[in-house]
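Below: the structure, in structure tokens.
Bear in mind these aren't lab numbers, they're just calculated from the coordinates by the rules spelled out. No experiment lies behind these values; they were computed from the predicted model shown. With ideal geometry, Cβ positions are generated from the backbone for all residues, glycine too; neighbour counts draw on all protein chains shown.
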Amino acid sequence: MANSLEKMKHLSEIVEAARARGSKRLAVAYGQDSHTIEAVYDAYNDGLVEATLFGDKEVIEKTCAELGIDPAIFTIVDEKSDVKCVAAAVKAVVSGEADVLMKGLVSTDKYMRGILNKEAGLFPPKGTLSHVSVFEWAGYHKLLLASDIAVLPLPDFKQKQILIKYLATVAKTLGIDTPKIACVAPSELVLTTVPSSTEGAILAKMADRGQLGNVVVDGPLSLDVALYKEVAEHKKVKGSAVAGDADCLLFPNLESGNVFFKSVSHIGGGELAAMVVGTNKPCVLTSRGDSALSKKYSIALACLSAK
């Protein structure tokens, strides 16, 4: 069985490792849709969580009946307002009543506002909130981490350094001690008029000098060069330990990352695990369109990251 000291090759190994650590308490904000309840039920059956669902009790019970799930396995907090559900779930995590926060049917912006609420205490002062996803699909030879696809619209240079730290932290949880991180840009050539290109080159040099921790960073790298050795060889990219074998992708903006995420999950038939990073407690953040399996993997990733 995989554990945090072994390099994981499949998302299912995250579930195994999280199960080995013991059940966590999960607070689900507006957890009343079928995908969320199914994912939480599967996580419960796998020994990952004991769950509290914050939402309309009548809707939750009806959804459970449609899925053939006994609602008695959940603690249900009856609240019809999605915003109030988020506030109550955040409070449960901050107070120590729960270990992990999860987004249900509520929109991402309302969920994030609840997390960012200064009075709530989930987000540290002067912190940087971001998002890390872990992908598995047939088009790549191992698990692949990516940031940011959901939170930071246009990370500045300082934020990119922090994102590299976040990617490295999650990678270590998956058993990758020295992750290979590609700074994604339109081309592997350094183009002085393209910010993602010049910043990628600077970040690569900073990593060479040991300024970014225990990571190997290269940039700029186009997406195809970062992922496929044959493309890197065809384009005669030399001296790169990352090209064709990246563990992590650092995207220059949310648009590019989000398109990649939806291309892998919907067009490529892949699955993923995703979570918010930079908070005091792990927070699951998936799309309302993600599969129940991806949501379960995300729960497992957050549980594995919980202290």
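Numbers at a glance
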{"quantity": "Counted charge near I162, where neighbours are those whose Cβ lies closer than 12 Å (Asp, Glu -1; Lys, Arg +1)", "calculated": "+2"}
{"quantity": "Qualifying GluC sites (Glu not before Pro) in the range 64-145, DSSP loop, other Cβ atoms within 10 Å at most 15", "calculated": "E97, E119"}
{"quantity": "Percent of beta bridges antiparallel (DSSP, the range 132-264, rounded to nearest 5)", "calculated": "25"}
{"quantity": "Rounded to whole Hz, the Karplus (6.51, -1.76, 1.60) HN-Hα couplings of the range 117-130, x for glycine and proline", "calculated": "4, 4, 6, 6, x, 8, 10, x, x, 6, x, 10, 8, 8"}
{"quantity": "Distance between modelled label sites at N280 and L154, nm, 7 Å Cα→Cβ extension", "calculated": "3.3"}
{"quantity": "Under Karplus coefficients 6.51, -1.76 and 1.60, residue-wise ³J(HN,Hα) of the range 270-282 in Hz, glycine/proline x", "calculated": "x, 10, 8, 10, 8, 8, 6, 10, x, 8, 6, 9, x"}
{"quantity": "Pair K236, E50: separation of 7 Å Cα→Cβ label points (nm)", "calculated": "6.4"}
{"quantity": "Cβ-defined net charge surrounding F123, 13 Å radius [Lys, Arg +1; Asp, Glu -1]", "calculated": "+3"}
{"quantity": "DSSP-defined antiparallel bridges as percent of all bridges, the chain, nearest 5", "calculated": "30"}
{"quantity": "Residue among I202, V242, N253 farthest towards the positive dipole end of the range 164-269, charges placed on Cβ", "calculated": "I202"}
{"quantity": "Under 13 Å, Cβ to Cβ, from F135 - net charge with Lys/Arg +1 and Asp/Glu -1", "calculated": "-1"}
{"quantity": "Cα gyration tensor, the range 47-154 - rounded (a/c under 1.5), prolate or oblate", "calculated": "oblate"}
{"quantity": "Mean ellipticity per residue at 222 nm, deg cm²/dmol - from DSSP H runs of n ≥ 4 across the chain, formula -39500 (n - 2.57)", "calculated": "-12000 deg cm²/dmol"}
{"quantity": "Kirkwood hydrodynamic radius over Cα pairs of the range 1-93, then Stokes diffusion coefficient at 20 °C and 1.002 mPa s, in µm²/s", "calculated": "153"}
{"quantity": "Gain in span if fully extended, E255 to L191, counting 0.36 nm per residue against the direct Cα distance", "calculated": "21.0 nm"}
{"quantity": "Cα gyration tensor shape for the range 132-264, rounded if a/c is under 1.5, else prolate or oblate", "calculated": "rounded"}
{"quantity": "Label-point separation in nm, H10 to Y140, each point 7 Å along Cα→Cβ", "calculated": "1.8"}
{"quantity": "Residue order, fewest to most beta carbons within 10 Å, for T193, T279, T198, T36", "calculated": "T193, T198, T279, T36"}
{"quantity": "Residues M102, M206, sorted so that the one with the fewest Cβ neighbours within 10 Å comes first", "calculated": "M206, M102"}
{"quantity": "Angle between the chain longest axis and helix 57-67 axis [Cα atoms, degrees, rounded to 10]", "calculated": "70"}
{"quantity": "Sorted by Cβ density within 10 Å, fewest first, the residues L250, L189", "calculated": "L189, L250"}
